[in-house]
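The values are calculated or read from the model by the stated rules, or taken from the named source; none is laboratory data. This structure is a prediction, so every number in the text was calculated from the model and none was measured. Please note: Cβ atoms are built from the backbone with ideal geometry, for glycine as well, and neighbour counts cover all protein chains shown. Each accessible area value is taken on the protein alone, full model and side chains, heavy atoms only, with ligands, DNA and RNA left out. Shrake-Rupley method; radii C 1.70, N 1.55, O 1.52, S 1.80 Å.
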Amino acid sequence: EQLTSDAGSRQVRNIILERLAPTLYLFGTAQLILFFLALFFALKLSRQYGSRLDRSIIALAPTSAAPPWFYGLFLILIFSAIFRLLPFGGMVASPPPPGIAYYVSLLRHLILPVTAVVIGGLFAAIYSWRTFFLIYSSDDYVEMARAKGLAAIDIERRYILRPTLPPIVTNFMLMLIFMWIGQITLELVFNWPGLGRLFYEAIQVYDSPVIIGSTVIIAYLLAVTVFVLDFIYAIVDPRVKIGGDQKKS
């Protein structure tokens, strides 16, 4: 048996491209939310070191050891099965509603999987990035900037946040690579019509071309993630040059 796209095509390219957009939509949204939330709370905790909030969030760091799909099961149980607030899975309601209702349905179906991804990585990221901020905030040049009377927000932006961005970006990209690898189970749990579920469906019917194509696309996503990391490094760290001439010894 051979898989087909929703449009009826049996070409592997069409089948994969149809599923690629939902995967990028889900994980792109989740990772952006995760990055900015973790950055915000890490900065906040670095200012409130030793406070009750600091101790509480750091105590939750081990919860990030569980994969996102694990939290997805509990989210479905609570918000879909018990309270009936959100859909069990899928990408939109069936049949898809017209007009603006389609995008409302899309957002409602996106809430639980995005929340599962964010919960799965948030507390570990906060703990790690907070540590970076604390290390850099105790450096001599930061103390000198404080002694000069610079505003706290300027010190934080210029002397703490900027030098910590390279290790934070590296940490985030490594977490993103882990998310790509774990997408198959997450999409199965939420019945999300992405590459992960396509890969599983292809294995079920022994569709070798789709299996190979899905594997190659996932490998490309991993490679692109690492490739993009190099460019982001050049932006956040002025010491890094792309394609610059090296002096000969």
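Taking label points 7 Å from Cα along the Cα-to-Cβ direction, SER138 and ALA65 give a separation of 2.6 nm. Extension gain, ILE111 to PHE227: 0.36 nm times the residue separation minus the Cα-Cα distance gives 38.8 nm.
The portion of the accessible surface of the chain made up by carbon and sulfur, rounded to a whole percent, is 67 (1.4 Å probe; DNA, RNA and ligands excluded).
Segment GLN11..LYS148, full-extension length gain: 42.7 nm, with 0.36 nm per residue of separation and the alpha-carbon distance subtracted.
For the range 42-58, putting each phi into the Karplus relation 6.51 cos²θ - 1.76 cosθ + 1.60 with θ = phi - 60° gives couplings of 5, 4, 4, 6, 5, 7, 10, 4, x, 6, 5, 5, 4, 5, 5, 5, 5 Hz, in residue order, rounded to whole numbers and with x for Gly and Pro. Suppose R0 equals 45 Å. What FRET efficiency, 1/(1 + (r/R0)^6) with r the Cβ-Cβ distance, do ARG158 and TYR206 give to the nearest 0.05? Result of the calculation: an efficiency of 0.20.
So for the range 1-88, averaging the separation of alpha carbon pairs under 8 Å that are six or more residues apart and normalising by length, what relative contact order in percent results? Relative CO of the range 1-88 lands at 9 percent. Here the range 92-186 is treated with +1 on each Lys and Arg Cβ and -1 on each Asp and Glu Cβ, and its dipole about the Cα centre works out to around 160 debye. Summed over qualifying helices (DSSP H, 4 residues or more, each -39500 (n - 2.57)) and divided by its residue number, the chain shows a 222 nm mean residue ellipticity of -22500 deg cm²/dmol. Label sites at ILE58 and LYS44, each approximated as a point 7 angstrom past Cα along Cα to Cβ, lie 1.7 nm apart. A 1.4 Å probe run over the protein chains yields, for the chain, 58 Å² of accessible area per residue, whole-number rounding.
Counting only alpha carbon atoms, the long axis of helix 195-204 and the longest principal axis of the chain meet at about 40°.
Result for the chain in a Gaussian network model with C-alpha springs under 10 Å: among PRO96, PRO68, PRO209, the largest mean-square fluctuation is at PRO96.
For the chain, modelled as a GNM whose springs connect Cα atoms under 10 angstrom apart, the maximal fluctuation among ASP54, ASP207, ASP154 occurs at ASP154. Which whole-angstrom value gives the distance between the alpha carbon centres of the range 219-237 and the range 55-111? Each part reduced to its Cα centre gives a spacing of 29 Å. Note the angle between two axes, namely the Cα long axis of helix 162-181 and the longest principal axis of the Cα atoms of the chain, as a number of degrees from 0 to 90, rounded to the nearest 10. Approximately 20 degrees, to the nearest ten. Fully extending the segment from ASN191 to VAL104 would add 29.5 nm, taking 0.36 nm per residue of separation and subtracting the current Cα-Cα distance.
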